[in-house]
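Some notes on the structure that comes next.
The values are calculated or read from the model by the stated rules, or taken from the named source; none is laboratory data. Model, not experiment: these values are computed from the prediction. Cβ placement follows ideal geometry from the backbone for every residue including glycine, while neighbour counts extend to all protein chains displayed. We work out accessible area using only protein heavy atoms, side chains counted, and drop any ligands, DNA or RNA first. Shrake-Rupley method; radii C 1.70, N 1.55, O 1.52, S 1.80 Å.
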Amino acid sequence: MRQLIRCFISVVLAGSLCSCAKRHDPRQVYKDAVTTLNRGDTDAALEKTAKGYDEFHHLSREWAWEFTILKAKALYKQGRYEQVLATLRAEPNPPISGEIAIKRKWMEGVALVSLQRFQGAEEALGQANRLCNGVHQDICADVLSAQGMLEMERGHPLAAQPFFLQVLPLAHASGRPIWESSALLDLSWSAVGQTHFDEALDWADSARRIAVPNGLTDIAEKALGNMGWAYYKLGDIEKAEGLFVEAKNTADRLGEVSSEIGWLINVGYVYMDQGQLELAEKTFHYSADLSQKIRSPGDLMDSLTALAFVSEQTAKLDEAQRYADEALKMAKAGGSELDVVYPLLVEGRVAAHRNDVATAEADFREVAKSADTPVFLKWEAERSLARLYESENHPAPADAEYRTALSTFEAARCDLHQRVDSRLPFLTNAARIYEDYIHFLVAHGKTDEALQVADYTRARTLTEGLGRPCKAKFAPDPLKAPEIARRAGGTILFYALGQEHSYLWAISPREVKMFPLAANRAEIDTAVQNYRKKLEGPPQILEAANDGSGLYQMLVAPAQSFLNENFGKKEPSARNIYIIPDGALNSLNFETLLPQPHHYWIEDVTIANAPSLRLLPTSQGNQRKLAGKLLLVGNPVSPDTGSDNAYPELPNAAAQVETIKKYFPADHETVFARRQASPIAYLNNHPEQFSYIHFVAHGTASRLSPLDSAIILSREANSPSTAQDDSFKLYARDIINNHPLHAELVTISACYSTGNRTYSGEGLVGLSWAFLRAGAHNVVAALWDVSDASTPQLVDEFYSELKKGKLPAAALRSAKLSLLHNATFHSPFYWAPFQLYTGS
């Protein structure tokens, strides 16, 4: 399967020709056709090439062949590979030496590669390479690239990489953007083949950055799509989908049908992952039709393999078998072991559905053990083996295969670069394996071990940022859950949501109990999102709805007896609850749930959110009454002006700043307000020395790139007020890359400061996550828009309670209750957006 697409380019055709020739000079006509082709307008290029051939082929054999090879390249870019070969064979008097002879054999070789005729391609490129012996011409760099392309199509990305690396310095030294961007794109291709997805992303992005300003639309298109594939394999499906669609539409506009087919197939896989199986099937049928239209066997094989996967998922087993058989036959005929393993996995799954255990086991084993199997397919084959043994009631080998699959995944995760953007979404790739294994353990009565595995998936990237090394083998740490609850001084509710099964573990200092939940992930997601909309809307709509009661019954009531036993007669302020959420529960404020009509759960308990059991803090009793220094950054000057200002002045920001200041001695506070309240003021003033950090400003949450979430502050001095200037944004990525924090509490009085993108295992990623990863022990941040009218009162009460020695969770609860009992601010809209996130 060749889901990643290289940008085929000839450095000779991309080179400079004399631009001062007369109108009917063949050099000018040839250059005009080359320029048109490099812009991606293949139809116009073919028309100009035909006219040039008709006008100048009689001048010399060389000009006849120059226009013939240019026509072949335009046909190639349209995916018309058989016509490429026919065009080359139709032209008489082929040269046997020199540059044109090299071009001819090179063009023949790449067409044969795309037709999966690898032996013929090897012969043609071998002849081109021999003609290049001792010749220092740009076309010989094309031959190197084509040899790398041949190795890639054979499924040997490691063997392809040296060819591409030889070309890159030549391309860079040439000063030709089209050549350099193409060379970078080839390297992204080989990196993905080696499952180095973050490296592939860097190569493709570098290619795009060169292509876009130089008007190289076809290269920019392929770079976008290749970036999409890298994001897809990193687990970031949302980003991937947008890039695939943009690349597909551009390829369609440029008439590059083979590229369009590749992006179509990738979009179809995204639909499959999203559960839109009917739409995925239609997409794959369309890509198969296009493949047959242009007679591209490689594209057809990929389309058939995709149809086999979606047919197996929709239980159309006969169709899945037929498509897999066809794809497997084509893959074996083409000689690519890489292309064989995909349909073989489907055939194994079909055999498993049909209870043909021996065939299924043999197929899964072959895929898992093949040296040509990509790591992401390897762990899927191992997972399929585990499920096969589980279905046959062989728990010991099933358990072993689950652990093998997870070790394969964990090794791949640790192999990623340390870049946070790559590791954050990657756990999505193994979410189903972890989910299946947790259910397997629960089904076999190993609920404590299941909790251990579930916690192992949580806050991985966050924990690694705090100094925990990445473990390349699946090996969960032993957990003493009751001891963790005792040290934290509360009861823990740990959630694990699945597509079919969801669980709640209730953990007290004395015992652990597991409660199956009646709703699955999709049902819980829907209920949470509906309730969130009402929490943020008019109070009368919220009060008329029953969503808060329904969610309480769904999520908490199963453990009600357990909670009652452990709470006893404790006062509400001593009933500490730590929520370790999963999925959509990360965006739910449990305090707003209703155990009784018109009675919020916050009136009964004190709630804090935690990322994992391992990161739960040790309770230290009462606070030391705001001991330590305060860093206060707020009431910034709006970075924009005008009626459409996205970040207007906050009327009560100045009052909030003054309110906070009164709780600290003057010599224990550092305040940056108005024009001084800039990102640099935070970054350059050693935030690691402060015990308390507070921001009063606007905030933004980026869904597609959560580390681009930002606190909106004042522009830097002498900074230009332009759309490109973002000096007024303190980004989440800046926070985690700055000095490690030691703050007891960070408070972000800004809208959506928790973020609005949930990653598997990590929860909501945004500003609050960034401060926890930077080392803060507690963070108060907002789930939605905060009210400038009610927030000053809440903050005043919050710091007043902290001053009395209350812990942050208890102090925040008291502040919220002060609003809840105020007729003006009774609605959860005013008090519920703020949540406490705690770490170790």
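Looking across the stretch 723-766, the residues that are touching a Gly at 6+ places or on another chain (Cβ under 7 Å), open to solvent by less than 10 Å² (accessible area, probe 1.4 Å), over 19 Å from ALA809 (Cα atoms) and not in a strand (DSSP E or B) come down to ALA732, LEU741, GLY755, GLY766.
Here's the yes/no breakdown for (1) of a type in the set (D, E, K, R); (2) open to solvent by less than 50 Å² (accessible area, probe 1.4 Å); (3) closer than 27 Å to MET272 by Cα; (4) without any contact (Cβ under 8 Å) to a residue 24 or more places away in the chain:
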{"position": "ARG423", "(1), (2), (3), (4)": "yes, yes, yes, no"}
{"position": "ALA430", "(1), (2), (3), (4)": "no, yes, yes, no"}
{"position": "HIS439", "(1), (2), (3), (4)": "no, no, yes, no"}
{"position": "VAL442", "(1), (2), (3), (4)": "no, yes, no, no"}
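Residues are listed down the side, and each one gets a yes or a no for (1) open to solvent by less than 60 Å² (accessible area, probe 1.4 Å); (2) of a type in the set (S, T, N, Q); (3) under 27 Å from the mean Cα position of the chain (by Cα); (4) farther than 30 Å from TYR437 by Cβ:
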| position | (1), (2), (3), (4) |
| --- | --- |
| ALA506 | yes, no, no, no |
| PRO558 | yes, no, no, no |
| GLY568 | yes, no, no, yes |
| ALA584 | yes, no, yes, no |
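Can you confirm whether ALA74 is without any contact (Cβ under 8 Å) to a residue 40 or more places away in the chain and in contact with a Ser or Thr (Cβ under 6 Å, 6 or more places away or on another chain)? So ALA74 fits the description; yes.
The residues in the stretch 330-349 that are open to solvent by 50 Å² or more (accessible area, probe 1.4 Å) and either at pLDDT 95 or above or of a type in the set (Asp, Glu) (or both) can be counted, and the count is 1. If you go through the stretch 226-253 and pick out every residue that is over 15 Å from the mean Cα position of the chain (by Cα), under 22 Å from SER182 (Cβ atoms) and open to solvent by 20 Å² or more (accessible area, probe 1.4 Å), you end up with 5. Scanning the stretch 355-387 for residues that are more than 28 Å from the chain's Cα centre (by Cα) and either open to solvent by less than 20 Å² (accessible area, probe 1.4 Å) or acidic (Asp, Glu) (or both) turns up ASP356, ALA360, GLU361, ASP363, GLU366. One residue stands out among those in the stretch 157-181 that are closer than 25 Å to GLU122 by Cα and of a type in the set (A, V, I, L, M): the one that is surrounded by the fewest Cβ atoms within 10 Å (Cβ to Cβ), which is LEU158.
Comparison of VAL29, VAL113 shows that the only residue that is surrounded by 24 or more Cβ atoms within 10 Å (Cβ to Cβ) and in contact with an Asp or Glu (Cβ under 8 Å, 6 or more places away or on another chain) is VAL113.
Okay, residues lined up against (1) under 20 Å from ALA431 (Cβ atoms); (2) open to solvent by 10 Å² or more (accessible area, probe 1.4 Å); (3) in contact (Cβ under 8 Å) with a residue 60 or more places away in the chain; (4) touching a helix residue (DSSP H, G or I) at 6+ places or on another chain (Cβ under 6 Å):
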| residue | (1), (2), (3), (4) |
| --- | --- |
| LYS480 | no, yes, no, no |
| ARG486 | no, yes, no, no |
| PHE494 | yes, no, yes, no |
| GLU500 | yes, yes, yes, no |
| PRO509 | no, yes, no, yes |
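Being in contact (Cβ under 8 Å) with a residue 40 or more places away in the chain, in contact with a Phe, Trp or Tyr (Cβ under 9 Å, 6 or more places away or on another chain), open to solvent by 10 Å² or more (accessible area, probe 1.4 Å) and not in a loop (DSSP other than H, G, I, E, B) is a condition met by at least one residue of the stretch 825-838.
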